[in-house]
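The values are calculated or read from the model by the stated rules, or taken from the named source; none is laboratory data. Here the structure is a predicted model, which means the values were calculated and not measured. So basically every Cβ, Gly included, is an ideal-geometry build from the backbone, and we count neighbours across all protein chains shown. Side chains included, ligands, DNA and RNA excluded: accessible areas come from the protein's heavy atoms. Shrake-Rupley method; radii C 1.70, N 1.55, O 1.52, S 1.80 Å.
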Amino acid sequence: MDMLGMFCIRACSGLGALRTATRVRSLHSVPGITVAQIDEEVAKLLELKAQIGGDDGKNQFVLKTAKGTRDYNPRQMAIREKVFNTIISCFKRHGAETIDTPVFELKETLTGKYGEDSKLIYDLKDQGGELLSLRYDLTVPFARYLAMNKITNIKRYHIAKVYRRDNPAMTRGRYREFYQCDFDIAGQYDAMIPDAECLKIVHEILSELELGDFRIKVNDRRILDGMFAVCGVPDDKFRTICSTVDKLDKMAWEDVKMEMVKEKGLSEEVADQIGEYVSMQGGMDLAERLLQDQKMLQSKQACAGLSDIKLLFSYLQLFQVTDKVVFDLSLARGLDYYTGIIYEGVLTQAGVAPVSNEAQNGAPAGESVSVGSVAGGGRYDGLVGMFDPKGRKVPCVGVSIGIERIFSILEQKAEASAQKVRTTEVQVMVASAQKNLLEQRLRLITELWNAGIKAEVMHKKNPKLLSQLQHCEESGIPLVAILGEQELKDGVVKLRVVATREEFDISRADLVGEIRRRTSEA
């Protein structure tokens, strides 16, 4: 490279520190340079400067979150926190304890556990002799945790972020970084009792969150595999056909059939036989009917799955949740690790006219329109054994709550109702009516904090009383403890109820008890 070229590279790299005029003058010092060359290089510098932007040469950053991620403002976080509290309370009510695992795992831990979805795993660069990947869900890390610690019995919940290199649809609560809320029961128990409890938990959470009407679809991997076998699907295509059937909640049957035939190589006759079964829905009666089906009787595993579905429904009747549960043969759930019962909680859109089978992806006419899955899970008895050196299996069943979609729904409901969402839990504002009372305010708020009262004080020496009261109204703070010279002399605090603007003189000794009483009643 010639001297002029090297100079221009150095000049270009220093655009942020030197002004253009300085660099132009510097070009004259290059030996043998002509005016035409100077003009040419100046043009190049000006073009580069325009690309970089700004006279000061500072890089112009695009201020945005990464694709498939989002920030959450205090109002949104208040909604999220309320949802988390509801879910955690339910998990604890059912006796669960919590664990945590690293946000990334050894790549080999995650490889081969998710079927066709494995392509969505985020791989990390080798930073120290280990090939790592961001966790795709909380189930595989849980299985690794059980095998590594030789745990054979636990009822646990885990709430944490997971990562998927997916095409995000953020308006429908689909992200690349999102929370999962998992509840799992690991251990050797009698059939369908822990499975029924997981479905009871889904019912409780979706009912308490008041998201609208919902259904919990139930199926069994053994029934699916048996159905595929008797319909003529080759053994080596069970998993890939299962992944295609799993798309029935998003695609019409004709599109699913086309994928089976054109992409997966099934004959039309086999696909049509599958279509007859996956259109079936019902309850215990459907399981009994299929146990008399001549084709299904050819598969021992299908019959075992159908018998367990019958048993499951008998327990669900005792748990009083059968009004929301439906046995649905179209439910597949594409993850490879499921071995038995599978289920999915689906919200149904209220107030929508019934639709035809063709319009609603093969759903029975007269049913509500599906707006999306908000919970899913199933039994995965073989996953822990994949990590155990001796292949020892720990039976597991669990459920994951689709928290991001729930957040999206509740945020939309809050926006539509224009309801005020409190972003803090402050119970009382310590205010002053006159100047020069900062020390007294700080002493009082220290007393309240030490007593466990959630309190706030303005960070000004002499704030106006009106400003302090307006802050309470805007923030939803229910009470104001007002100090004035007279109150200090009398040993009282004027307690103001923000909503009604009533005021009461309360002795300093009784203030904590009065605040607790009034805020517990609110």
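Tell me whether the stretch 499-506 contains one or more residues that are assigned to a strand (DSSP E or B), at negative phi and open to solvent by 90 Å² or more (accessible area, probe 1.4 Å). For the stretch 499-506, residues assigned to a strand (DSSP E or B), at negative phi and open to solvent by 90 Å² or more (accessible area, probe 1.4 Å): present.
Of all residues in the stretch 473-483, which are touching a strand residue (DSSP E or B) at 6+ places or on another chain (Cβ under 9 Å) and at pLDDT below 95? Before you say what the answer is, go through the steps one by one.
First, the residues of the stretch 473-483 that are touching a strand residue (DSSP E or B) at 6+ places or on another chain (Cβ under 9 Å): 475, 477-483.
The one that is touching a strand residue (DSSP E or B) at 6+ places or on another chain (Cβ under 9 Å) and at pLDDT below 95: SER475.
Scanning the stretch 83-101 for residues that are over 23 Å from ASN153 (Cβ atoms) and either assigned to a loop (DSSP other than H, G, I, E, B) or without any contact (Cβ under 8 Å) to a residue 12 or more places away in the chain (or both) gives ASN85, SER89. Taken together, the residues in the stretch 190-210 that are over 30 Å from GLN412 (Cα atoms) and surrounded by 14 or more Cβ atoms within 10 Å (Cβ to Cβ) amount to 6. Once the stretch 304-321 is narrowed to residues that are surrounded by fewer than 17 Cβ atoms within 10 Å (Cβ to Cβ) and among the hydrophobic types (A, V, I, L, M, F, W, C), the residue that is nearest to PRO234 (Cα to Cα) is ALA304.
Tell me, which residue of the stretch 256-303 that is touching a Lys or Arg at 6+ places or on another chain (Cβ under 7 Å) and either of a type in the set (Lys, Arg) or open to solvent by 40 Å² or more (accessible area, probe 1.4 Å) (or both) is farthest from VAL321 (Cα to Cα)?
Residue satisfying both the conditions and the ranking: LYS264.
If a residue counts only when it is among the acidic types (Asp, Glu) and touching a residue at least 24 places away in the same chain (Cβ under 8 Å), which strands (runs of 3 or more DSSP E) contained entirely in the stretch 102-200 have at least 2 such residues? Quick ask: steps written out before the conclusion?
Working: elements: 104-106, 132-134, 154-163, 177-186.
Here the list reads 177-186.
Scanning the stretch 59-78 turns up no residue that is in a helix (DSSP H, G or I) and under 28 Å from ASP246 (Cβ atoms). Selection of the stretch 233-255 for residues being surrounded by fewer than 18 Cβ atoms within 10 Å (Cβ to Cβ) and of a type in the set (Phe, Trp, Tyr) yields only PHE238.
For the stretch 173-189, state whether one or more residues are basic (Lys, Arg) and at pLDDT below 95. Yes, the conditions are met somewhere in the stretch 173-189. Out of the stretch 473-497, which residues are buried (at least 18 other Cβ atoms within 10 Å of the Cβ) and more than 19 Å from GLN440 (Cβ to Cβ)? Of everything in the stretch 473-497, those that are buried (at least 18 other Cβ atoms within 10 Å of the Cβ) and more than 19 Å from GLN440 (Cβ to Cβ) turn out to be ILE477, PRO478. Taking the stretch 201-220 as the range and being touching a residue at least 24 places away in the same chain (Cβ under 8 Å) and in a helix (DSSP H, G or I) as the test, the residues that pass are ILE201, VAL202, HIS203, GLU204, ILE205, LEU206, GLU208.
Hey, among GLY340, GLY372, GLY378, GLY398, which residue is assigned by TED's automatic domain parsing to the domain that holds ASP190 and either at pLDDT below 90 or open to solvent by 50 Å² or more (accessible area, probe 1.4 Å) (or both)? After ruling out the rest, the residue left standing is GLY372.
Assess whether LEU286 counts as being touching a residue at least 40 places away in the same chain (Cβ under 8 Å), in the same structural domain as PHE327 (by TED's automatic domain parsing) and of a type in the set (A, V, I, L, M, F, W, C). Before the answer, list the steps.
On the way: touching a residue at least 40 places away in the same chain (Cβ under 8 Å): yes; in the same structural domain as PHE327 (by TED's automatic domain parsing): yes; of a type in the set (A, V, I, L, M, F, W, C): yes.
Taking the combined requirement at face value, the residue satisfies it.
If you go through the stretch 90-131 and pick out every residue that is open to solvent by 70 Å² or more (accessible area, probe 1.4 Å) and among the polar types (S, T, N, Q), you end up with 3. In the stretch 391-411, what residues are outside any strand (DSSP E or B), closer than 30 Å to ARG144 by Cβ, among the β-branched types (Val, Ile, Thr) and under 24 Å from the mean Cα position of the chain (by Cα)? Hits for the stretch 391-411 are ILE403, ILE406.
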